[in-house]
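Take a look at the structure below.
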Amino acid sequence: MTDIDKQSEANLKDSDVQKVNPENGTDHANKHWTGAINLALASTEDNFSEIVFNQLCKVFNKSPFFHHCGMKMRVVDGEIKGFVDMDPSLIGNVAFQILHGGVAATLLDSIGGIVAMGEIYCHGKGELKDRIRQVARLATTDMRVDYLSPGRGTQFIATAETLRMGRKGCTMRMNLHNQDHKLIATATASYVY
């Protein structure tokens, strides 16, 4: 096991631990939260991508903002999907009981980012340390959202696909459907790493 593999394993074990700054008593997350994926253990498995996807979902689902909005990432049929159940606190148009556009955009951006991370881990170029660094630095630089239908439904499901993977960034396309498979919104985003 290499030093990087040992560090990845240690990061995964420590990922549940909140760190407290002794000077001011504030919590801060590990700066390498997305680098805590234990690729060393996953790389020996036949279902490598599923293991990585499940580990990414576990990390994303710990986000306080995701919890606040009721968002969850799950692996379904070998791909990562984002879910949010309709809740009165997520309504943007009170008269028509429609999902707030900001919630839709947030879920689309999040699914684009997590699928991009999975793509880098599973199919990225370079050594493991290079892919970990890319994932840890991944950030949205541009996103366009097209709202196609009113956000009506009891559950909303987001999916993403990779349009282009480059050396320094990628372009993703995301879709948001309701539980009846009606397309609510679509987005295209650029991520840099």
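Remarks
- Condition met for A95 (more than 10 Å from the chain's Cα centre (by Cα) and farther than 28 Å from G166 by Cα): yes
- Some residue of segment 85-97 being at pLDDT 95 or above, out of contact with any Cys (no Cβ under 6 Å at 6 or more places or on another chain) and under 24 Å from C170 (Cα atoms): no
- Of the residues making up segment 159-193, those that are among the hydrophobic types (A, V, I, L, M, F, W, C), surrounded by 17 or more Cβ atoms within 10 Å (Cβ to Cβ) and out of contact with any His (no Cβ under 8 Å at 6 or more places or on another chain) are A160, C170, M172, M174, L176, A185, A187, A189.
- Scan of segment 69-86 for residues that are of a type in the set (G, A, S) and either part of a strand (DSSP E or B) or surrounded by 18 or more Cβ atoms within 10 Å (Cβ to Cβ) (or both), ordered by number: G82
- Scanning segment 57-81 for residues that are closer than 22 Å to D180 by Cα and among the hydrophobic types (A, V, I, L, M, F, W, C) gives C69, M71, M73, V75, V76, I80.
- Qualifying positions in segment 140-158 - surrounded by fewer than 23 Cβ atoms within 10 Å (Cβ to Cβ) and in contact with a helix residue (DSSP H, G or I) (Cβ under 8 Å, 6 or more places away or on another chain): T140, M143, V145, Y147
- The residue pairs whose first member lies in segment 142-165 and is among the aromatic types (F, W, Y) and modelled with pLDDT of 95 or more, whose second member is surrounded by fewer than 16 Cβ atoms within 10 Å (Cβ to Cβ) and not in a strand (DSSP E or B), and whose beta carbons are closer than 8 Å, counting only pairs six or more residues apart or on different chains, are Y147/G101; F156/Q179.
- Of the candidates T154, T140, T106, T162, the single residue that is among the polar types (S, T, N, Q) and under 16 Å from S49 (Cβ atoms) is T162.
- Residues within segment 145-186 that are under 23 Å from D85 (Cα atoms) and either touching a Phe, Trp or Tyr at 6+ places or on another chain (Cβ under 7 Å) or not acidic (D, E) (or both), tallied: 28
- Residues in segment 82-116 that are of a type in the set (D, E) and within 17 Å of Q179 (Cα to Cα): D85, D87.
- Scanning segment 98-132 for residues that are in contact with a Gly (Cβ under 9 Å, 6 or more places away or on another chain) and either surrounded by fewer than 16 Cβ atoms within 10 Å (Cβ to Cβ) or among the aromatic types (F, W, Y) (or both) yields H100, G101, G102, D130.
The values are calculated or read from the model by the stated rules, or taken from the named source; none is laboratory data. As the structure is a computational prediction, the values presented were derived from the model and not from experiment. Here Cβ is always computed from backbone atoms with ideal geometry, including for glycine, and neighbour counts include all displayed protein chains.
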